[in-house]
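Only one structure is covered here, and it is reproduced in the block below.
The values are calculated or read from the model by the stated rules, or taken from the named source; none is laboratory data. Keep in mind the model is a prediction, meaning the values are calculated, not measured. Note: ideal-geometry Cβ built from the backbone for every residue, glycine included; neighbour counts use all protein chains shown. With ligands, DNA and RNA removed, areas are computed over all heavy atoms of the protein, side chains included. Shrake-Rupley method; radii C 1.70, N 1.55, O 1.52, S 1.80 Å.
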Amino acid sequence: MKIDVLLGLQWGDEGKGKIVDVLSPKYDIVARFQGGPNAGHTLIFNNQKYVLHLIPSGIFRENTINIIGDGVVLDPVIFMQEVSGISKAGIDLTKNLFLAEKTNLILPTHRILDAANEKELGKSKIGSTGKGIGPAYTDKVSRNALHIGDILLQNFKEKYENIKQKHLNRLKTYDFDIDEYETKWFAAIDRLKEFNIINSSNFFNNALKEGKKILAEGAQGTLLDINAGTYPFVTSSTVSTAGVCTGLGVAPNKIGEVYGIFKAYTTRVGSGPFPTELFDEDGKKLQELGHEYGATTGRERRCGWLDLVALKYAIQINGVSKLIMTKSDVLEGFGYFKISERYKTNKNKIINYFPNNLLNIKPVLKKFASWKDDLKKCKSKKDFPQELQEYISYIENETKVPITIVSTGADRNETVFC
Ligand code: IMP
Ligand code: MG
């Protein structure tokens, strides 16, 4: 058996949570391999809306085991809040949610450091979600972090105090109070002990030997990847397929299908380049019709047309074998929409690759007629309006990857398998 992967091909918020929830009945195990509470995965079913930050989106399926893998950074307070919310739906999470022992903990001071870093950057700030992600991964790479497995150690508190002291030294000139959060944090640490804490690599490799079907659920999107993304306006983890190997402890030859998910247009939260961004009425319309507000921070998402150059780049980085298009319903009734087929540099050169420096890059746009029909009525690809069928063929032809799912709305049921 191999591990299938589902990840975002843009700047996040492509609708991963919904699609994982739809696909999860096919899988025995769903695992998060990177990121942390910066993620916001929205699921809607039975007229109920759930937003998940740390817990994998397979959690609402009775027979699915959900894993938070080594590559994740976990804030115990946010985690326990999420656990409480989901427990109300009658799910006993200590049975179907396991934590990997090398998952890094986000400390209360990491959140303060995140805010301090952003303040120091001033106008060049990243637009971080403020959840302590960057500082937590920084501590991991500088060999300074606490793992979930450490909570069982006798000297856990001492280790915590040592790291906290380093943070306090760095934050000397800042005024802040973490007492209340720290108390909640230690209470949440105690409750983490109720969960099954596993060795990630052994767990996944044994599960594969036993023939279990596993889905790795990405958070954020490829263009926010620490290596491949629009650096420095990125998150601090390996968002791409490579992160599944390091984040779960499995070898590259264990990767199976790679589902790459993209919106029929593009959005971005936070700062950084965005070649197809719209500043006009069309941008506002996309934001309104698409309800483009961050699920974690509530911030307005920047909106623009689909960027085919970036999409092809993300497909290349991840080895995408199947595409999934979401929010196609937002374009209905728009009259038209556009796609960036190529880029133009400030020297008027046309390029068809994703450059390292996107400054002064302009999109070369192609216009398409959009559809008027209500896509929610479509049950299969043949029900799709002609314009949507042509759009799908165009993307498949350009990317050489088939589109296998089209999402036509936020609800679990508004999903067409092609
Ligand atoms: P951080 O991950 O909180 O450090 O934020 C770094 C950048 O990634 C900011 O521009 C955030 O808005 C963006 N970001 C982080 N997580 C997500 C996400 O789940 N969806 C969309 N954007 C995100
Ligand atoms: Mg999101």
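Kindly report, to the nearest 10 Å², the accessible surface of R170 as traced by a 1.4 Å probe over protein heavy atoms only. It works out to around 100 Å².
With a cut-off of 18 Å, note down the residues of region 17-34 whose backbone N falls inside the zone around a label point 7 Å from the Cα of K2 toward its beta carbon. Those under the cut-off are 27-29, 31. Listed cross-link partners K95/K376; K159/K212; K18/K382; K131/K349; K119/K159 are compared with a 32 Å cut-off, the Cα-Cα value being larger for K95/K376; K159/K212; K131/K349. For region 21-32, putting each phi into the Karplus relation 6.51 cos²θ - 1.76 cosθ + 1.60 with θ = phi - 60° gives couplings of 4, 5, 7, 4, x, 7, 10, 7, 9, 10, 10, 8 Hz, in residue order, rounded to whole numbers and with x for Gly and Pro.
If we count every other residue with Cβ under 9 angstrom of D75's Cβ, Lys/Arg +1 and Asp/Glu -1, where does the sum land?
Values: positive: R111, K131; negative: none.
With Lys, Arg at +1 and Asp, Glu at -1, the net is +2.
The H on the amide N of G127, modeled in the peptide plane, is under 5 Å from the matching H of S271, each at least 5 residues off or on a different chain.
Helix 108-121 sits at what angle to the longest principal axis of the chain, using alpha carbons and giving 0 to 90 degrees rounded to 10? Relative to the chain, helix 108-121 is tipped by roughly 50 degrees.
In region 63-156, which trypsin sites (Lys or Arg not before Pro) are in a loop and have at most 13 other Cβ atoms within 10 Å, using DSSP for the loop call? Present the calculation step by step, with values, prior to reporting the outcome.
On the way: sites: K88, K95, K102, R111, K119, K123, K125, K131, K140, R143; in loops: K88, K102, K125, K131, R143.
Of the trypsin sites (Lys or Arg not before Pro), the ones in loops of region 63-156 whose Cβ has at most 13 other Cβ atoms within 10 Å are K88, R143.
Computed about the Cα centre, the dipole magnitude for the chain is approximately 880 debye when only Lys and Arg (+1) and Asp and Glu (-1) carry charge, each at its Cβ. Bridges between two residues of the chain, per DSSP, are antiparallel at a rate of about 40%. The alpha-carbon of K49 sits under 14 angstrom from the alpha-carbons of these aspartates and glutamates, leaving out residues fewer than 8 places away in its chain: D21, E82, D411. Taking region 164-187 and a reference point 7 angstrom along Cα→Cβ of S142, the backbone N atoms nearer than 11 Å belong to 166-171.
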